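Single-structure report; data block below.
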Amino acid sequence: MAETILSINNLTRYFGGLAAVENVSLEVKLGQLHAVIGPNGAGKTTLINLLSGELRPSSGRIFYRGTDLTPLPPERRSRLGIGRSYQKTNIFPTFTALENCRLAAQSRAPRPFHWVTDALAFGDTMARAYAALASADLGERADETALALSHGEQRQLELAICLATEPELLLLDEPLAGMGTEESSKMVGLIGKLAESHAILLVEHDMDAVFQLAKTLTVMVDGRVLASGEPEEIRGNHSVQAAYLGRLEEAL
């Protein structure tokens, strides 16, 4: 049985009187991909922001490998093994792909400068940066600036930056956004391979990709969980189809 490494218990976040996320509970297991889907405004990105620490919940708890993450800032969560990507590309455009990944690798364990330890650690940092690029199929583009990369390659670079922090849990927010068919297919392959050795929480609107990748699906509507289960359960769920006004059924 796959090991549960992330548990979300009754997570709620209010903005004024509006509940963007309300009493959401779910689990993410190691070696599996758990997709969260729903219409725009369902609370999916707010959920990821709560998990990464960029937002604090109004109530509820988040546990990662038994540690209560709820009060911890984003950098502490990252060092515990949680990485995230964003809807919009979040890179240093004038830096090379390798430099982007090196900065991420360095952020994993910042320390005071000392010329001996810093020199010894530099080789390890570079090795992790190169490994992250290779995992995102960008090894041959290491010395290219981020600006010189295509949109699809920039999305791959953001994934590599995430991997350079050596996470065990990946929070991926619409990694296929803006991609063409060929680029999407490549990214799906990369994510599928990563899911074999990581726990992944995926927010994505591409239903073909979601149903190809996910072991478990959670459907959110108006900040709440409407349904959760295996892909075939969700595919035949009439409440889900009604919430999407037939659009989900057509997409499948």
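Taken together, the values in this text are just the output of simple stated rules run on the coordinates, not laboratory data. Given the structure is predicted, the values throughout are model-derived calculations rather than measurements. FYI the Cβ positions are ideal-geometry reconstructions off the backbone, even for glycines, and counts take in every protein chain you see.
Assorted remarks:
- Estimated vicinal HN-Hα couplings, Hz - segment 214-223 in sequence order (Karplus 6.51, -1.76, 1.60; Gly, Pro = x): 7, 8, 9, 10, 10, 9, 10, 9, 6, x
- Degrees, to the nearest 10: 115-135 long Cα axis against longest axis of the chain: 50
- Between ASN40 and PHE92, the simple label model (points 7 Å from Cα in the Cβ direction) yields a spacing of 3.4 nm.
- Modelled spin-label separation between ALA134 and PHE122, with each label point placed 7 Å from Cα along the Cα-to-Cβ direction: 2.2 nm.
- Estimated at 0.36 nm per residue, the fully extended path between LYS193 and HIS205 surpasses their Cα-Cα distance by 2.3 nm.
- C-alpha long axis of helix 151-164 to longest principal axis of the chain, angle in °: 70
- Cα long-axis angle, helix 181-194 against the chain (0 to 90 degrees, to the nearest 10): 80
- An oblate overall shape is assigned to segment 61-193, the ratio a/c of its alpha-carbon gyration tensor axes (a ≥ b ≥ c) being 1.5 or greater and a/b not exceeding b/c.
- Fewest-first sequence of ASP124, ASP137 by Cβ atoms within 10 Å of each Cβ: ASP124, ASP137
- Rounded to the nearest 20 debye, the dipole magnitude of the chain is 840 debye, with +1 charges on Lys and Arg beta carbons, -1 on Asp and Glu beta carbons, and the Cα centre as origin.
- Put in order of Cβ neighbour count within 10 Å, fewest first, the listed residues ARG79, ARG56 become ARG56, ARG79.
- Relative contact order, percent, segment 132-209 [alpha-carbon distance under 8 Å, six or more residues apart]: 34
- Label-to-label distance, nm, for residues given as THR70 and SER107 (7 Å Cα→Cβ offset): 2.7
- Dipole orientation for the chain: of the candidates LEU194, THR125, GLY178, THR125 has the Cα lying most toward the positive pole (charges on Cβ; Lys, Arg +1; Asp, Glu -1).
- The chain, relative contact order [Cα under 8 Å, separation at least 6], %: 27
- Amide N of segment 10-44 lying under 18 Å from the label point, which is placed 7 angstrom from the Cα of SER59 along Cα→Cβ: 10-26
- Near the amide H of MET220, within less than 5 Å, lie the amide hydrogens of ILE37, GLY38, LEU226, all on another chain or at least 5 residues away, with H placed in the peptide plane.
- Here the Karplus curve 6.51 cos²θ - 1.76 cosθ + 1.60, taken at θ = phi - 60°, turns the phi angles of segment 97-102 into couplings of 4, 5, 5, 4, 6, 5 Hz, with x standing for Gly and Pro.
- Fewest-first sequence of LEU157, LEU226 by Cβ atoms within 10 Å of each Cβ: LEU226, LEU157
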